[in-house]
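Worksheet: the structure to be examined is printed underneath.
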Amino acid sequence: IKPGFMKHNGGVLFRAISETEYEFKSIISENHLNAAGITHGGYLSALIDAGAGTSAHRAASGAPCVTISLDLKFIGASRAGDEITGFTKILKKTNTLIFLFCELKCGDKTITSASGVWKILKIKPSKLGPGGWNISFLWWIKSYPQQLYLFEIFLNFRSNKQNENRRRFKIRLFWCFV
């Protein structure tokens, strides 16, 4: 178990099944329960975000990925001692985005399902140099029930060794079926 946020939540075991399918699991402890004695929805959300995020990272050939959107449905319940297994399916991968579906199961019972979008980061710190910065604005535009548009404005500024200022401005529109 690697250090980080999920290690403090009890850890997550992860494995690849194929290039587009991944599995992860965790054991529910007393710390994960709400006042009703069932697993807290916040923990299930964090577990899906970590497991699906790792799946996106692996599907992006190791590039860092961040969550843009995560839509969760809490369907069933689990309790302390239960082993929760997550299954992630990569639905679509573009140069900058990963669309996926994930569900958590306790035995045969689905307890949470989610669909989400992850942004593949193109981090190249050496190209920014001292004083460089990036700003990216994202807007979702939903048109028809099965179509989704993502509108991105990306601004980049950097200073190179000769103190020349360079600016880059991009506007991109992504369209997909969901």
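Couple of notes before you dig in:
- Against the numbered list (1) open to solvent by less than 30 Å² (accessible area, probe 1.4 Å); (2) more than 11 Å from the chain's Cα centre (by Cα); (3) at pLDDT below 95, E30 comes up short only at (1).
- L104 being closer than 17 Å to I38 by Cβ and surrounded by 17 or more Cβ atoms within 10 Å (Cβ to Cβ): yes
- Those strands (runs of 3 or more DSSP E) of the stretch 9-112 in which 3 or more residues are in contact (Cβ under 8 Å) with a residue 40 or more places away in the chain and within 27 Å of I123 (Cβ to Cβ) occupy 21-27, 65-74, 83-93, 97-106.
- The stretch 33-62, residues that are under 19 Å from F99 (Cβ atoms) and in contact with a helix residue (DSSP H, G or I) (Cβ under 8 Å, 6 or more places away or on another chain): A50
- Qualifying residue in the stretch 121-129 (condition: modelled with pLDDT of 95 or more and either open to solvent by 70 Å² or more (accessible area, probe 1.4 Å) or under 30 Å from E30 (Cα atoms) (or both)): no
- Hits in the stretch 67-83 - residues which are under 21 Å from F14 (Cβ atoms) and in contact with a helix residue (DSSP H, G or I) (Cβ under 7 Å, 6 or more places away or on another chain): T67, L70, L72
- Flag: F74 does not match the condition of being within 13 Å of the chain's Cα centre (by Cα) and not aliphatic (A, V, I, L, M).
The values are calculated or read from the model by the stated rules, or taken from the named source; none is laboratory data. Treat the numbers as computed from the prediction; the structure is a model and nothing was measured. Positions of Cβ are generated from backbone atoms using ideal geometry, with glycine treated the same way; all protein chains shown enter the neighbour counts. What goes into the accessible areas is simple: the full protein's heavy atoms, side chains included, and nothing from ligands, DNA or RNA. Shrake-Rupley method; radii C 1.70, N 1.55, O 1.52, S 1.80 Å.
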